């Protein structure tokens, strides 16, 4: 009887092992199947730095939406993409979820990213991003005089301003600071007190005028007001010791591209401070506040920063207000390997 029991136990363990092995092989086969199609690999390449709805992807690849949805379903089942509802649309982006095949997935994505996109695909992506930009710009053109009231519905400057200033006080470099999207200019006075040169950059002429009016009313000197986007900052050769990006990313058509641009503007050892909404589901913010995105998961911001060559310098989460939570993130541009000065992080801010 003892021998029979031992035999049954061994068989049970072997059977369980076979089941587990089968699960592993099935998951691997699903991953390989999803990655074994040129179109699906190209979809992954398009999703490298942005999220798109199924309809947008259909337009990018000039194909029917039901056919695109089939490919996205296979990619999602393989853990290569994830979906998130943003209002009435479902957006797809590369997945950040971990699995037993992370190493293989990373190799696949690295290989995909080494392949250039065709000119037609790039042009269609650019067209979609231009439409998003136009939507955001038109909102601020029409609502510049209501900006403060609308921001207060979600998270106004008083909710996060003190934490941003405290983070700035920990920075060693005091040369040039770039504020992207200065809003009504409320941070400019603190920036002028801490830096030799202040640059305010905004792609909305109306909002830039409001920030300039704030500075003039308080006789703030040494501020350069530039009408343009982050790509323009790169092309003109701006170089900054610190950059502040407060409640801006959820208004931009391609948040990852903005972070990549700003990484190019940062000097070695420079710091990018990002204040942004955490992911939420309050769709009314789109129409009331001109939001293109309903906040971001903390890992999304970290992933985009790492892709841009920045390192994570810490984070702080503000108390929940109006149903929204705000995150303050610090990302650092690497020094040359010869010298790496010590820097305090946001921990304990």
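The values are calculated or read from the model by the stated rules, or taken from the named source; none is laboratory data. The shown structure was predicted, so the numbers you read here are calculated from the model rather than taken from an experiment. Ideal geometry is used to build each Cβ from the backbone, glycine not excepted, and the neighbour counts take in all protein chains shown.
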Exercise. Go through (1) crowded, with 22+ Cβ neighbours inside 10 Å; (2) under 13 Å from the mean Cα position of the chain (by Cα); (3) closer than 17 Å to residue 330 by Cβ and name the single condition residue 278 misses.
Key: (1)
Quiz item: Limited to the range 90-143, what total is found for residues that are assigned to a loop (DSSP other than H, G, I, E, B) and either buried (at least 17 other Cβ atoms within 10 Å of the Cβ) or at pLDDT 85 or above (or both)?
Solution: 7
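Has the range 208-218 got at least one residue that is surrounded by fewer than 17 Cβ atoms within 10 Å (Cβ to Cβ) and at pLDDT below 90?
Step one: of the range 208-218, the residues surrounded by fewer than 17 Cβ atoms within 10 Å (Cβ to Cβ) are 209, 213, 216-218.
Filter once more, so that each one left must be at pLDDT below 90: none.
Checked the range 208-218: no residue is surrounded by fewer than 17 Cβ atoms within 10 Å (Cβ to Cβ) and at pLDDT below 90.
Out of the residues in the range 219-235 that are outside any loop (DSSP other than H, G, I, E, B) and exposed (fewer than 14 other Cβ atoms within 10 Å of the Cβ), which is nearest to the chain's Cα centre (by Cα)?
Of the residues in the range 219-235, the ones outside any loop (DSSP other than H, G, I, E, B) are 223-227, 230-235.
Okay, now just the ones that are also exposed (fewer than 14 other Cβ atoms within 10 Å of the Cβ), so 224, 235.
Details: 224: 26, 235: 21 Å.
Only one residue tops the list, namely 235.
Please tell me if residue 227 is within 23 Å of residue 133 (Cα to Cα) and without any contact (Cβ under 8 Å) to a residue 40 or more places away in the chain.
On the way: within 23 Å of residue 133 (Cα to Cα): yes; without any contact (Cβ under 8 Å) to a residue 40 or more places away in the chain: yes.
So residue 227 passes the test.
Hey, any hits in the range 190-199 for a residue that's surrounded by fewer than 16 Cβ atoms within 10 Å (Cβ to Cβ) and either in contact with a helix residue (DSSP H, G or I) (Cβ under 8 Å, 6 or more places away or on another chain) or outside any helix (DSSP H, G or I) (or both)? Lay out the reasoning, then the answer.
Taking the range 190-199 as the starting set, the residues that turn out to be surrounded by fewer than 16 Cβ atoms within 10 Å (Cβ to Cβ) are 193-194, 196.
Next cut, either in contact with a helix residue (DSSP H, G or I) (Cβ under 8 Å, 6 or more places away or on another chain) or outside any helix (DSSP H, G or I) (or both) only: 194, 196.
Looking for residues that are surrounded by fewer than 16 Cβ atoms within 10 Å (Cβ to Cβ) and either in contact with a helix residue (DSSP H, G or I) (Cβ under 8 Å, 6 or more places away or on another chain) or outside any helix (DSSP H, G or I) (or both), one finds at least one in the range 190-199, hence yes.
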Practice problem: Please state which of the following conditions residue 263 fails to meet, knowing it meets all the rest: (1) at pLDDT 90 or above; (2) not assigned by TED's automatic domain parsing to the domain that holds residue 156. | Solution: (2)
Quiz prompt | Where residue 178 falls short, out of the listed (1) surrounded by fewer than 24 Cβ atoms within 10 Å (Cβ to Cβ); (2) within 27 Å of the chain's Cα centre (by Cα) | solution = (1)
Self-check item: Residue under evaluation residue 286, criteria (1) closer than 24 Å to residue 84 by Cα; (2) out of contact with any helix residue (DSSP H, G or I) (no Cβ under 6 Å at 6 or more places or on another chain); (3) modelled with pLDDT of 90 or more, criterion not met
Solution: (3)
